[in-house]
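**Student:** After the structure tokens below, expect a handful of questions from me.
The values are calculated or read from the model by the stated rules, or taken from the named source; none is laboratory data. From a predicted model like this one, the values you see are computed outputs, not experimental measurements. Cβ sites come from the backbone with ideal geometry, for glycine too, and all protein chains shown count toward neighbours.
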């Protein structure tokens with residue numbers, strides 16, 4: 001039961017990291033950015049002139065925390081912001097120029113207008129590549145809602161929701177192939193076929209399938225997409241948790257049963273081929289298997305526990321999958337075999353020979369290239 005919970009935790013951890021660790025990405029490789037421009041004000045009394053600055057700071061804060069975009073404020077825009085304060089970026093052509101100069105994808109503009117009762121907050125997000133409006137908010141609010149920034153937080157959430165919806169509509173369908181770092185998780189069943197260290201043919205070994213789960217990390221080393229070839233070479237490792245149960249003995253005698261939990265850490269060389277929406281990969285490399293606690297030994301209706309040493313082995317296998325959402329869902333088939341024998345408290349020595357079948361999900365976290 002503990003192992004099952006551990007495997008489920010691995011799978012959800014990998015999925016969680018996949019979904020929440022990365023902000024929106026540009027199609028040219030870097031993270032998308034937004035410039036927050038100085039707000040206009042109309043009809044404000046002298047003792048209300050601080051409100052646009054308060055709203056501006058709250059917008060920068062909310063977008064920095066919640067949008068996943070790189071936020072450029074007045075200090076970061078430097079020379080560009082001086083031009084924005086003069087009001088020259090108020091047309092499609094000027095917003096496009098702002099995107100080219102400041103390397104941002106969106107520009108947030110707006111204003112605060114005094115009403116007979118309260119204020120009107122108007123905000124607009126413009127795509128600096130097209131000059132088109134992608135998000136907008138207009139709403140009445142009180143001075144108290146501006147001072148505690150609740151009105152600004154509400155507007156920010158609405159704008160961010162609209163921006164992300166626009167990003168999904170315009171997302172590059174090939175972006176999932178061109179990541180530098182991938183995280184993933186898999187879970188499934190592993191079947192043992194241990195090799196016993198004995199010359200007696202009448203000693204038999206029986207095994208039970210066990211659950212196996214892993215969290216993975218992958219680093220892209222060579223990518224031939226620039227040559228119009230969907231081939232990539234990478235290095236991959238993982239933390240694979242597995243249980244094992246091995247019974248060995250003569251047919252007419254009580255068998256010795258060995259039960260243990262292990263952690264296997266491979267270092268794999270991986271080649272993958274990603275035509276269109278599909279994904280095929282082969283991998284191989286050495287692996288280290290570590291004990292998670294002591295091994296449980298049962299014989300003649302008695303139970304004892306003993307230590308067993310780490311072992312080295314070889315892992316080889318393949319993946320096959322297809323794009324699903326922002327990542328890849330895949331079937332993993334792999335073989336692991338020990339180089340050394342395992343023995344505990346006088347029990348038969350054996351080498352692990354394990355074949356596992358599992359389902360997994362992988363997601364790219366770092367886009368190739370950086371924004372200039």
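**Student:** Does any residue of the range 53-74 turn out to be surrounded by 21 or more Cβ atoms within 10 Å (Cβ to Cβ), modelled with pLDDT under 85 and not in a loop (DSSP other than H, G, I, E, B)?
**Tutor:** yes
**Student:** Does residue 314 meet the test of being under 17 Å from residue 185 (Cβ atoms) and surrounded by 14 or more Cβ atoms within 10 Å (Cβ to Cβ)?
**Tutor:** The answer is no for residue 314.
**Student:** Continuing with this model, one more query. Given the conditions (1) surrounded by fewer than 13 Cβ atoms within 10 Å (Cβ to Cβ); (2) part of a strand (DSSP E or B), report the number of the one that residue 244 does not fulfil.
**Tutor:** Exception for residue 244: condition (1).
**Student:** Do the conditions hold for residue 44, that is, is it at pLDDT 90 or above and in contact with a helix residue (DSSP H, G or I) (Cβ under 8 Å, 6 or more places away or on another chain)?
**Tutor:** yes
**Student:** Would it be correct to say that residue 3 is modelled with pLDDT under 55 and buried (at least 16 other Cβ atoms within 10 Å of the Cβ)?
**Tutor:** yes
**Student:** Give all pairs with beta carbons closer than 6 Å in which a residue from the range 149-167 that is touching a residue at least 60 places away in the same chain (Cβ under 8 Å) meets a residue that is surrounded by fewer than 17 Cβ atoms within 10 Å (Cβ to Cβ) and in a helix (DSSP H, G or I); count only pairs at least 6 apart in sequence or on separate chains.
**Tutor:** 160/66
**Student:** Another question, then. Scan the range 272-318 for residues that are touching a strand residue (DSSP E or B) at 6+ places or on another chain (Cβ under 8 Å), modelled with pLDDT under 90 and under 27 Å from residue 178 (Cα atoms) and jot them down.
**Tutor:** Of everything in the range 272-318, those that are touching a strand residue (DSSP E or B) at 6+ places or on another chain (Cβ under 8 Å), modelled with pLDDT under 90 and under 27 Å from residue 178 (Cα atoms) turn out to be 273, 274, 277, 278, 279.
**Student:** What number of residues within the range 150-165 satisfy the criterion of being under 32 Å from the mean Cα position of the chain (by Cα) and either closer than 15 Å to residue 60 by Cα or not assigned by TED's automatic domain parsing to the domain that holds residue 123 (or both)?
**Tutor:** Initial filter on the range 150-165 (under 32 Å from the mean Cα position of the chain (by Cα)): 150, 152-165.
Adding the requirement that they be either closer than 15 Å to residue 60 by Cα or not assigned by TED's automatic domain parsing to the domain that holds residue 123 (or both) leaves 150, 152-160.
Summing the residues that are under 32 Å from the mean Cα position of the chain (by Cα) and either closer than 15 Å to residue 60 by Cα or not assigned by TED's automatic domain parsing to the domain that holds residue 123 (or both) in the range 150-165 gives 10.
**Student:** A further question follows. Given the conditions (1) exposed (fewer than 15 other Cβ atoms within 10 Å of the Cβ); (2) at pLDDT below 95; (3) part of a strand (DSSP E or B), which single one is not true for residue 260?
**Tutor:** The single condition residue 260 does not satisfy is (1).
**Student:** Out of curiosity, is residue 296 surrounded by 15 or more Cβ atoms within 10 Å (Cβ to Cβ), out of contact with any helix residue (DSSP H, G or I) (no Cβ under 7 Å at 6 or more places or on another chain), part of a strand (DSSP E or B) and free of Cβ contacts under 8 Å to residues at least 40 places away in the same chain? Can you show your working first?
**Tutor:** Working: surrounded by 15 or more Cβ atoms within 10 Å (Cβ to Cβ): yes; out of contact with any helix residue (DSSP H, G or I) (no Cβ under 7 Å at 6 or more places or on another chain): yes; part of a strand (DSSP E or B): yes; free of Cβ contacts under 8 Å to residues at least 40 places away in the same chain: yes.
Spelling it out, residue 296 is indeed surrounded by 15 or more Cβ atoms within 10 Å (Cβ to Cβ), out of contact with any helix residue (DSSP H, G or I) (no Cβ under 7 Å at 6 or more places or on another chain), part of a strand (DSSP E or B) and free of Cβ contacts under 8 Å to residues at least 40 places away in the same chain.
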